[in-house]
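Enquirer: Got a structure for you, written out below as structure tokens; questions coming shortly.
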Amino acid sequence: MKLLLLSTPDFFVEEDQIISALFDEGLDILHLRKPDAEPVYSERLLTLLPQECHKHIVVHEHFYLCQEFGLRGIHLSSAHPAPPASFSGQLSRSCHSLADLPTSREGMDYVFLSPIFDSISYPDRHAAYTDEELRSATRRGIIDRKVIAAGGINADTLPRLRDYGFGGAVVLGDLWTRFNIHSGLDYKEVIAHFRKLRKAAG
């Protein structure tokens, strides 16, 4: 099962070092999401990362970065619902309803479905689906390898996602809460925990 990582919404000094180290550890895809930032800061981060990392990065805003830096693709959302004209790279999208999933995935390489479990980063976001709803969606082919689970992903919940038939999982709070972006310097705990997540993902 693929393991994806969603960036923190804020930039911080050690970010390029941590991201580069995570790719060295086997991170499949990084989703770069900085909703309130000027594009120049994303440009700077991408410039600091080794060029071989670029092909594993998907952007959520400032879609021109995809072509400029040779990135993997772009991610659509309610804020940015359509790709640029003549875009031909990888496309993904966010979806928050099993009922909307069949139409949301049309033309997409994969789709985020959330929240699968209670969110770690946003305490007011709770699991939206029961165990039986997810299993039923898998039996009916609504959940398959092109659906990526999001929301409350950690080492304990990852094995359950394989049973549901998800093609991967996107991690946010479980990893980034292990590093203080304002004062942290040592990110060994982040790397060690990522190894645990990789093992749980299989």
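The values are calculated or read from the model by the stated rules, or taken from the named source; none is laboratory data. Since this is a predicted model, take the numbers as computed values, not measurements. Here the Cβ positions follow ideal geometry from the backbone for every residue, glycine too, while neighbour counts run over all protein chains shown. In case anyone asks, the SASA skips ligands and DNA or RNA and just uses the protein heavy atoms, side chains included. Shrake-Rupley method; radii C 1.70, N 1.55, O 1.52, S 1.80 Å.
Enquirer: Taking the stretch 137-187 as the region of interest, how many residues are hydroxyl-bearing (Ser, Thr, Tyr) and in contact with a Phe, Trp or Tyr (Cβ under 7 Å, 6 or more places away or on another chain)?
Expert: The qualifying residues number 3.
Enquirer: Now for a different question. Considering only strands (runs of 3 or more DSSP E) fully contained in the stretch 1-60, which possess at least 1 residues that are closer than 20 Å to residue 92 by Cβ and not β-branched (Val, Ile, Thr)?
Expert: 2-6, 29-32
Enquirer: Restricting to the stretch 130-175, name every residue that is touching a helix residue (DSSP H, G or I) at 6+ places or on another chain (Cβ under 6 Å), farther than 24 Å from residue 187 by Cβ and polar (S, T, N, Q).
Expert: Across the stretch 130-175, the qualifying residue is only 138.
Enquirer: Only one residue in 137, 82, 99 is without any contact (Cβ under 8 Å) to a residue 60 or more places away in the chain, more than 24 Å from residue 176 (Cα to Cα), of a type in the set (A, V, I, L, M) and assigned to a helix (DSSP H, G or I). Which one?
Expert: 137
Enquirer: Just to be sure I understand the filter: pairs with C-beta atoms under 8 Å, separated by 6 or more residues or on different chains, first member in the stretch 24-50 and on the phi > 0 side of the Ramachandran plot, second member open to solvent by less than 40 Å² (accessible area, probe 1.4 Å). Which pairs pass?
Expert: 26/3
Enquirer: Search the stretch 107-118 for residues being touching a strand residue (DSSP E or B) at 6+ places or on another chain (Cβ under 9 Å) and in a loop (DSSP other than H, G, I, E, B), and hand back the single one that is surrounded by the fewest Cβ atoms within 10 Å (Cβ to Cβ).
Expert: Result: 107.
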